[in-house]
Structure formats: structure tokens, C-alpha cells
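Quick notes on the structure that follows.
The values are calculated or read from the model by the stated rules, or taken from the named source; none is laboratory data. Predicted model, so just to flag it, every value in this text is computed and none were measured. In this analysis, Cβ positions are derived from the backbone assuming ideal geometry, glycine residues included, and neighbour counts consider all displayed protein chains. Heads up: the accessible areas ignore ligands, DNA and RNA and are worked out on the full protein's heavy atoms, side chains in. Shrake-Rupley method; radii C 1.70, N 1.55, O 1.52, S 1.80 Å.
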Amino acid sequence: MKRPAVIVDTNVVVAGLLAANDASPVARILDGMLAAAFPFVVSEALLAEYRAVLLRPRVRKLHGLTVDEVEALLVDIAQHAIVLVPVATSSAPDPGDQLLWELLAARVDLLLVTGDKLLLRDARMRARVVSPQTFVEGA
């Protein structure tokens, strides 16, 4: 069975980079993105968010990567991704996640992988939003 394409929330990418255990779901997802182990989708806005968060001073202190290393990581992610244009849609449960909601609206077969409890609890998207653990278990 072919896996559906997924959108990987920024919190999963950051957590994957910071994970102390390579077998943790978030680390496995980030490694899978870098190895093109499953289909995943980004938009220009989502890549920009990945970059902005990974370059925050507090986050950089945790992962220890240089700006050039972050850029190289993002290039590796982008080269394996399906790049889509988001579609205007109803408001996300958290306005800061609107870019994810609009990316989900671009294709009906997409799933969002996130650790965001608010998004995971949203009844409107329950069938389309999964936790990193659930995603990895379905592999």
C-alpha cells in the first residue's frame, strides 16, 4: 500500500533535529524526509518557517548548527519534497498554523504530522492530522 503524502509540521522537524534518541518518532520522520523514505509536501512558506525557527538564537543554541548547516539541511529537505501552492481556506484553530491549513487544502489526500495538541484535537480535521507516533506506527 502506498503511503499518503504528508505535511511535516515545523515542530516535528525541530524536535527531530533535537532528539537525543535516533529511534524516536520525530527523529525517524526527519531522517525519512532526508532519505526520501516517504512522500512529503512543503510550500515556500513552510520552508521559510522551518528556516526561521531553526535559526532562532534559542533553537540554534540547542541544535548547534551553523547558518550554513541549517541552509544545507533545508536544501536536502526541499530536494526530496513535493512543492505545492497553498489554497485559501477556513481559519486554522491557531492563526499561526494557517499556512498548514492552507497547504492541507491544496490536496484532499494529504495528512499533517504534528505534535501540536490543538491541531491534533481539532474535530474538523481529525482524519487528516496525526501525531508523529501514529505516523511512524503506520509505516
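Of the residues contained in segment 42-58, one or more are found to be of a type in the set (Ser, Thr, Tyr) and crowded, with 19+ Cβ neighbours inside 10 Å. For segment 8-34, residues that are part of a helix (DSSP H, G or I), free of Cβ contacts under 8 Å to residues at least 24 places away in the same chain and among the hydrophobic types (A, V, I, L, M, F, W, C) total 2. For residue 103, are the conditions met, namely being in a loop (DSSP other than H, G, I, E, B) and either open to solvent by less than 40 Å² (accessible area, probe 1.4 Å) or over 16 Å from residue 12 (Cα atoms) (or both)? Here the answer is no, as residue 103 does not meet what is asked.
Quickly run through segment 73-85 and pick out the residues that are open to solvent by 50 Å² or more (accessible area, probe 1.4 Å) and either in contact with a helix residue (DSSP H, G or I) (Cβ under 6 Å, 6 or more places away or on another chain) or farther than 13 Å from residue 43 by Cβ (or both). Those that are open to solvent by 50 Å² or more (accessible area, probe 1.4 Å) and either in contact with a helix residue (DSSP H, G or I) (Cβ under 6 Å, 6 or more places away or on another chain) or farther than 13 Å from residue 43 by Cβ (or both): 75, 76, 79, 80. Restricting attention to segment 106-126, which residues are open to solvent by 20 Å² or more (accessible area, probe 1.4 Å) and closer than 11 Å to residue 4 by Cβ? Matches in segment 106-126: 107, 108, 109, 111.
Of the residues making up segment 19-31, just one is under 15 Å from residue 64 (Cβ atoms) and open to solvent by less than 70 Å² (accessible area, probe 1.4 Å), namely 19.
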